[in-house]
Amino acid sequence: MNPLRQQFEQRLAQTGGTVAALADLDSLLTGRVFVSAHPVCRSWAARATCQDPREADVALTGCDAMIAETGTVVVFSGPVESRLSTLTAPTHVVLGSEAQLSPDMETVFERFADRLRPGASPASLMFITGPSRTTDIEKTLVLGVHGPKKLVFVFMEDGSGAG
Amino acid sequence: MMHTPVLEEQRRATLARALNLALDKRRQSVAEFPDWEAMRQRAHDIRAGALDRLDEYLNQFERAAAANGIRVVRVATAEEACLYVVAIAKRIGVTTAVKSKSMVTEEIHLNRALETEGIRAMETDLGEYIAQLCGQPPFHLTAPIVHLSRDEVGRILADKLGVPFTNDPTQLTLIARDAMRREFLTARLGISGANFCVAETGSLVLVTNEGNGRMCTTLPAKEGPRVHVAITGIEKVVPALKDVAHLLRLLARSGSGMRLTAYTTLINGPRKRAAGEETTGPDEVHVLLLDNGRRAMLRDPHLREALCCIRCGACSNTCPVYHRIGGHAYQSVYNGPIGSVWSAALWDTEQAATLPFVSSLCGACADICPVKIDIHHALLWQRKLAADRGYTPRWQRLVWWAWRVAMSHPALYGFGSIVARRLFSPAILNRLGKPWTETRDLPPLARKSFHEMWKEEAPK
Ligand code: SF4
């Protein structure tokens, strides 16, 4: 397996997130489903049963990058992904492909340097590392405070390919 | 001088468990980097370098943020900052504001200022929300209710929200979440701090684990003007995005042992309004850059470094004094080792100015600090400042005066030591040393001074 992918999957799992196979994506889309306008989600657009991420049980979105060092999903706000599509639904399913992997945050900034100039940058860059979490009460970990309780990442490629 | 109460046994145990857990997780996560020391040095250099050219970077940030559609305002004092926020609330006609955890807003007592104008500021970090419900200030920089047991939290929620009692952290979190979600869906004024301001891109960086920071800055309400106000200190500016990446690598690891805080958000401006551009996000973003005593710190070479702090909380976690007395004993917004430095630097009151004495000067804080602030030497320096300003008790000044006179007059010293050895029997010493001597004896004074022994025994 692609070593970056391996590190990403392992570290995402350590944050409480999960990785699912593309074949299992269908079974994740239950309840009120919101599907973002990201091109990568197009094949599942028909599964949408809800237009407003505020009311969704599950939100399916794309992403702009992934970071292997920290198991992080990076999403830019704009016409396809909103600041809400990755935030309000209890389950957030993210689709991405191996080519979007970066070793660390520095590399992501370098990669998108063009888009990050003042006046031209997306209004919000979201670095999402696992589900929403708190340890405020007696240091007990509880997931899903204000953001999703479940974060599921799905690679477009199956992981067995040479990398 | 102030007397700090020691925490009761039960609470101290809860606190110690939580602090030690954070320290353990930090140790594991730091071990991933064999060059951690070099990384700390680099982090220090980034922060110190930014302070060296502070005005240049602030100007650059201001220009870049303006290009992104953010309004940047410099405010000199707490009052000015509060007035600005109150004016916005009135202009857009809100009576509720949602707040993401921010020490600066605690520093300027923004909630109080809003309340006097009839505006309720709701804290939305779970810990802060609960602390606010029971009317307590935050206990720890990153863990505001670390001192409360689950039973206590259960009783607070049952009491204030009228829900059935439970002490299950998951249930409790869910109850609080639902109460806050209702507010989020209609809130139109969001207030936050900022962890960093990036000069290169005009971005605000905000980290939260729960996602409340994102809620407060996204403002999901469907109607009416929505405004996000970020209030932060002028010292938070860093030159470039690559610096942010490095500092973030150290921030969460040092505080909680996580590799990265769950939600790290770069905010570059309000919702883009061009057709088809963006559907959610505030209509306006304002950034208040607060001085409130920071420039004075910048001018003092002994205190300047304290401005490098990235508020990870590690120095409190490791501090032996903090372990014993807890956060509330400091009676200040900023507590723990670095909090003492900040409090004494920002506020000229006896309470704040004498906080640097609440330390053993062991230096554990400086050892753990990810940006290598020499915290204990700053505290030592501030003890001198406190003494110069007359904040130390008279008896103490008298003792030091006598010490100085004796030490600079050998004859007087010799005479004094003879008298002292005659006068202070072990019984008297132990009486003077109370309460320390209640469980131990002071060693008796030597019969002969070193001087006398030397005279008798030194080889001729
Ligand atoms: S002084 Fe250092 S250790 Fe303490 S909170 Fe600030 S950055 Fe963290």
Hey, quick one: spin label on B:Leu21, modelled 7 Å out along Cα-Cβ, who in the stretch B:239-264 has an amide N within reach, i.e. under 13 Å? B:256-257
Helix-derived mean residue ellipticity, 222 nm - over chain B, DSSP H n ≥ 4, -39500 (n - 2.57), to 500: -15000 deg cm²/dmol
Sorted by number, the cysteines in chain B with no other cysteine beta-carbon under 4.7 Å are B:Cys82, B:Cys134, B:Cys197, B:Cys216, B:Cys308, B:Cys309, B:Cys312, B:Cys319, B:Cys362, B:Cys369
For the stretch B:35-292 (alpha-carbon point model, no solvent) the Debye-based log₁₀ I(q)/I(0) at q = 0.11, 0.15 Å⁻¹ works out to -0.62, -1.13
Please list B:Arg311, B:Arg91 in order of solvent-accessible area, largest first, computed with a 1.4 Å probe with all protein chains present. B:Arg91, B:Arg311
When the label point is put 7 Å from the Cα of B:Arg324 along its Cα-to-beta-carbon vector, which residues of the stretch B:331-364 have a backbone N closer than 18 Å? B:331, B:336-338, B:340, B:354-364
For B:Glu350, what is the net charge nearby, where nearby means another residue's Cβ is under 15 Å from its Cβ and Lys, Arg count +1, Asp, Glu -1? +2
Scoring chain B by relative contact order with C-alpha pairs under 8 Å, at least six apart, yields a percentage of 19
Could you compute how much accessible surface B:Phe415 exposes when probed at 1.4 Å, giving the result in Å² to the nearest 10? 130
So in chain B, what percent of DSSP beta bridges are antiparallel if you round to the nearest 5? 25
Per residue of B:247-254, other chain Cβ atoms within 10 Å number on average 1
Length-normalised contact order of the stretch B:305-388 in % [C-alpha pairs under 8 Å, at least 6 apart]: 33
What's the extension gain from B:Asp348 to B:Asp55 if we count 0.36 nm per residue and subtract their Cα-Cα distance? 102.9 nm
Modelled label-to-label distance, A:Leu22 and B:Lys455, 7 Å Cα→beta-carbon offset: nm? 9.5
For the table A:Lys149/B:Lys90; B:Lys101/B:Lys236; A:Lys139/B:Lys222; A:Lys150/B:Lys25, the rows whose alpha-carbon distance is greater than 25 Å are A:Lys149/B:Lys90; A:Lys139/B:Lys222
With every protein chain kept in the model, how would you rank B:Ser359, A:Ser102 by accessible area, 1.4 Å probe, largest at the top? B:Ser359, A:Ser102
Accessible-area order (highest first, 1.4 angstrom probe) of the listed residues B:Leu219, B:Leu161, B:Leu398: B:Leu398, B:Leu161, B:Leu219
May I ask for the distance between the Cα centers of the stretch A:101-163 and the stretch B:223-249, given as a whole number of Å? 18
DSSP beta bridge pairing in the stretch B:35-292, given as percent antiparallel to the nearest 5: 25
Accessible area of B:Phe165 in the full protein assembly, 1.4 Å probe (Å², nearest 10): 110
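The values are calculated or read from the model by the stated rules, or taken from the named source; none is laboratory data. Nothing here was measured: the structure is a model prediction, and the numbers come from that model. A quick note on method: Cβ atoms are made from the backbone with ideal geometry, for glycine too, and the neighbour counts reach across all protein chains shown. These area figures cover heavy atoms from the full protein model, side chains too; ligands, DNA and RNA do not enter into them. Shrake-Rupley method; radii C 1.70, N 1.55, O 1.52, S 1.80 Å.
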